[in-house]
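Notes to accompany the following structure.
The values are calculated or read from the model by the stated rules, or taken from the named source; none is laboratory data. Worth saying up front: this structure is predicted, and the values here are computed from it rather than measured. Backbone-built Cβ (ideal geometry, glycine too); neighbour counts: all protein chains shown. Heads up: the accessible areas ignore ligands, DNA and RNA and are worked out on the full protein's heavy atoms, side chains in. Shrake-Rupley method; radii C 1.70, N 1.55, O 1.52, S 1.80 Å.
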Amino acid sequence: MLRSLNQPKHKPRLVGIDLFRGVSAFAVIVIHAGTLMRYSGLPMNNFTDTLIETSRFAVPFFLASSFYLMTKKLYVNEQQTSFISLLKSRSQRLLVPYFFWSLIYFALRVVKTLSESGSINSLFQDPVLLIFLGGASIHLYFLPLLFTGSFLIILAEYLVSRHINLTTLIFLAVVSMTIYEWQIISGNDFKFFVKFGVDCLAEANACSIAYLNIQNPVFPNYSNQIVRLLFVAIAWLIKCLPYTLLAMVLNHPRIKKITSSLNINYAISLLSLALGITTLWLLNLHNILPFPQSIYELGTAFSLLLCGIALSNKLPESDVIENLGVSSFGIYLIHYLILTIYVTAMPKVLPNIAILPPVVTMLLISTIGFVTSWLIVSNLMKIKIVSKNLFSA
């Protein structure tokens, strides 16, 4: 997700992973197109809801691919990463774009509030959310999430330095998945919305809360913001730990030998596996068949990651797919702005849009938003200062 357009050509691209990054960016746009359609009063139905739920593999895939690339050199590079160097590197790659995009989206919130004759004081009711937890826009939480999880690379390096064997590593990955599933089913997982649809900035502690069951009795009204941040960080680390350990498994020399020989047939099987897991998750959502959320997230993410690796073994490099993969981070960051413009403008430009089937409307908005975001990001990344500060490229 965080690779540069200026990457030297002698370093081969993982074209399959680039492709799925683009697909995941489109899936995120589908999810948020549905959110904006619901807010704007455009019709929704069971088909649009199913499409949204089917698209929720996107963030897990971004996490899986990010940790896979972060742990890629663990078994070939014995140099240890210091906390300071990791902090500096992750800050440049994640916190700098997070800061600038938070300013952009917050400025838009101010303009919108003033245009509706509202008071901008309502935008400052939860400064912790705004500054640290991505409160300026619904999707920005991913950057502090990935920033926090990135520090698990120190644990990964320690395990490799101790010559951890593959069996133990797989066991730890299973244990970490179990802990993550406990966090989910206990109601202590990170929640962006405490109650869906609430105005996050206008009401303190209404969004981006973790470990509600502990905070509620111990800290009424979540008044201790340091504790709030601490619990969110714990929830994020627990969420990212199985991604880190499974990424280590895939990068283990014994597994590398296997993945390097995966072919198109394996790619098709792995894609089918991801679709099968998604189907089980949809059945769970309809209370037909119970299925753990942790297995859904990690199962789809790593099935698609392995599928991307298999495709990379066989497909030739493509400038278009490479550009898509490199632009995916920027597409993720800018898409909500583009979607907001389109969802606001479409009923005025196409007054009969409401008579279209809702799923057609959603796909139309998503496709136009995706293409527009890709074109804008691809061109902006040619400007060095913009590329560095907005897209970390």
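Couple of notes before you dig in:
- Test: Arg21 is buried (at least 19 other Cβ atoms within 10 Å of the Cβ), modelled with pLDDT of 95 or more and charged (D, E, K, R): yes
- Residues considered: Ser161, Ser176, Ser115, Ser119. Of these, the only one that is more than 27 Å from Gln225 (Cβ to Cβ) and open to solvent by 60 Å² or more (accessible area, probe 1.4 Å) is Ser115.
- Of all residues in region 66-89, those satisfying the criterion of being open to solvent by less than 30 Å² (accessible area, probe 1.4 Å) and either farther than 17 Å from Leu333 by Cα or acidic (Asp, Glu) (or both) are Phe67, Tyr68, Thr71, Leu74, Leu86.
- Members of region 246-269 that are touching a Phe, Trp or Tyr at 6+ places or on another chain (Cβ under 9 Å), buried (at least 19 other Cβ atoms within 10 Å of the Cβ) and not polar (S, T, N, Q): Leu246, Ala247, Met248, Leu250, His252
- Residue satisfying all of: in region 186-217; touching a residue at least 24 places away in the same chain (Cβ under 8 Å) and assigned to a helix (DSSP H, G or I); surrounded by the fewest Cβ atoms within 10 Å (Cβ to Cβ) among these: Asn213
- Selection of region 310-322 for residues being in contact with a Gly (Cβ under 9 Å, 6 or more places away or on another chain) and open to solvent by 10 Å² or more (accessible area, probe 1.4 Å) yields Leu311, Ser312, Asn313, Lys314, Leu315, Ile321.
- Flag if Ile153 is more than 16 Å from the chain's Cα centre (by Cα) and open to solvent by 30 Å² or more (accessible area, probe 1.4 Å): no
- If you check Lys239, Lys195 for being of a type in the set (Lys, Arg) and at pLDDT 95 or above, only one passes: Lys239.
- Contact map, region 164-177: first residue closer than 16 Å to Gly299 by Cα, second residue open to solvent by 60 Å² or more (accessible area, probe 1.4 Å) and assigned to a helix (DSSP H, G or I), Cβ cut-off under 9 Å, separation 6 or more or different chains; pairs are Met177/Ile295.
- Restricting region 202-233 to residues that are of a type in the set (Ser, Thr, Tyr) and in contact with a strand residue (DSSP E or B) (Cβ under 9 Å, 6 or more places away or on another chain), the residue that is modelled with the lowest pLDDT: Tyr222
- Taking the criterion of being touching a residue at least 60 places away in the same chain (Cβ under 8 Å) and either buried (at least 20 other Cβ atoms within 10 Å of the Cβ) or not polar (S, T, N, Q) (or both), the residues of region 90-100 that qualify are Arg90, Arg93, Leu94, Val96, Pro97, Phe100.
- Residue match in region 351-365 (condition: part of a loop (DSSP other than H, G, I, E, B), in contact (Cβ under 8 Å) with a residue 60 or more places away in the chain and open to solvent by 60 Å² or more (accessible area, probe 1.4 Å)): yes
- Filter pass, Ala33 being within 25 Å of Gly325 (Cα to Cα) and touching a His at 6+ places or on another chain (Cβ under 8 Å): no
- For region 149-185, the set of residues classified as β-branched (Val, Ile, Thr) and part of a loop (DSSP other than H, G, I, E, B) consists of Ile164 only.
- Members of region 368-387 found to be touching a residue at least 12 places away in the same chain (Cβ under 8 Å) and in a helix (DSSP H, G or I), listed by number: Ile368, Gly369, Phe370, Thr372, Ser373, Trp374, Ile376, Val377, Ser378, Leu380, Ser387
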